[in-house]
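Working notes, beginning with the structure itself.
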Amino acid sequence: MTNGLRYKGPIYRPPSEAYSLLVQATIGCPWNKCTFCMIYKKGPKFKIRPVEEIKEDLLWAKNNYQYPINAVFFPSGNTIIMKTEDFVEILKYTKKLFPNLKRITIYGSAQYIVKKGLDDLKKIAKAGLSRIHVGLESGDDIILKKVKKGSTQEIQIKAGLLIKKVGIELSEYVVLGLGGKKRTKEHIQETIKTLNKINPDFIRIRTFLPKINTPILEEIKFGEFQILSPHEVLSETYNLIKNLKVTSQITSDHYTNYIGVNGRLPEDRKLMLQTIQKAVKKDESSFREIYIGNQ
Ligand code: SF4
């Protein structure tokens with residue numbers, strides 16, 4: 001029995017899950033090597049919570065929350081790694097407890113999605129997982145290797161297509177500026193190529209901001225990685241939006257971005273490009289400063 005929802009370590013969720021019930025299914029991240037990510041660098045060590053504990057938390061929320069629960073998000077960073085039969089059990093239990101649920105969502109990295117494979121993903125989709133948030137970050141293999149993402153363009157495409165094939169909504173994250181000044185061109189070219197092949201439901205834009213306790217911060221200090229200026233980031237954004245041949249929702253729902261670029265492709269392309277062109281005319285000093293983030 002529990003007297004409330006139990007959380008361990010940092011709890012992150014996509015902005016779109018701000019009103020969702022958050023029940024921790026896993027603790028930490030099994031990968032934990034990305035050089036730009038500070039979330040679990042100081043722990044806790046990765047762990048999958050026992051099914052019974054997760055169920056207890058779900059039941060507690062059902063019995064104690066007064067407001068209607070419409071969506072459930074299962075942190076932490078890579079719940080897709082749970083044993084398929086356990087995750088299916090959790091999904092079925094969740095749907096039974098909350099019959100009016102509109103969405104069940106998790107984070108999952110491409111390499112773990114590919115490892116899961118088509119048959120297991122079908123079971124997970126059938127049991128009720130409705131959306132997965134994947135960190136593409138970049139489509140460029142050199143950048144992916146440099147930031148130790150643990151995947152390649154090929155793996156990212158394979159994972160994205162698998163998710164789409166089983167009918168789970170796919171949300172892909174892109175980090176503008178992740179190639180620094182050296183690979184800005186390749187970063188955008190390869191990211192466009194990757195996203196065009198996947199055609200995800202959502203493309204979520206983030207802007208690279210160095211964070212405390214991250215290896216990439218050391219590279220910046222030694223001059224090996226140079227952060228893009230606001231105008232350079234806007235140029236990446238422009239090229240991305242201009243060249244994507246997808247039918248995706250574009251969302252820049254994050255504090256790191258210099259401007260909000262939101263809309264559906266292809267129909268809102270012109271409007272989004274106009275928004276970026278307008279922003280480029282502003283002096284760089286009018287945008288947020290580059291600072292070291294701590295969250
Ligand atoms: S970015 Fe995601 S996969 Fe990479 S270390 Fe952070 S939580 Fe783990």
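Summary table below
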quantity: Dipole magnitude of the chain, debye to nearest 20 (Cβ charges: Lys/Arg +1, Asp/Glu -1, about Cα centre); calculated: 360
quantity: Ranked packing of 246-257, 22-33, most packed first, by mean Cβ within 10 Å; calculated: 22-33, 246-257
quantity: Entries of 33/182; 123/158; 145/278; 115/182 with Cα pairs more than 27 Å apart; calculated: 145/278; 115/182
quantity: Protection proxy ranking, peptides 150-158, 283-291, average beta carbon neighbours within 10 Å, highest first; calculated: 150-158, 283-291
quantity: Filter on 83/185; 8/282; 42/281; 149/242; 164/270; 92/211 - keep pairs with C-alpha separation over 32 Å; calculated: 83/185; 8/282; 42/281; 92/211
quantity: Most positive-pole-ward Cα, 246, 150, 105, against dipole of the stretch 15-283 from beta carbon charges; calculated: 246
quantity: Cysteines, the chain, no other Cys beta-carbon under 4.7 Å; calculated: 29
quantity: Cut-off 13 Å between beta-carbons: net charge of the residues surrounding residue 84, Lys and Arg +1, Asp and Glu -1; calculated: +2
quantity: Stokes-Einstein D (µm²/s) once Rh is taken as the Kirkwood radius of the stretch 15-283 over alpha-carbon pairs, at 20 °C in 1.002 mPa s; calculated: 111
quantity: For the chain, share of DSSP beta bridges that run antiparallel, in % to the nearest 5; calculated: 15
quantity: Residues 114, 174 arranged by fewest to most Cβ contacts within 10 Å; calculated: 114, 174
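Every read-out reported here was derived from the displayed coordinates using simple, explicitly stated rules and does not represent laboratory data. Bear in mind the structure is a predicted one, so any value in this text is a computation, not a measurement. Cβ sites come from the backbone with ideal geometry, for glycine too, and all protein chains shown count toward neighbours.
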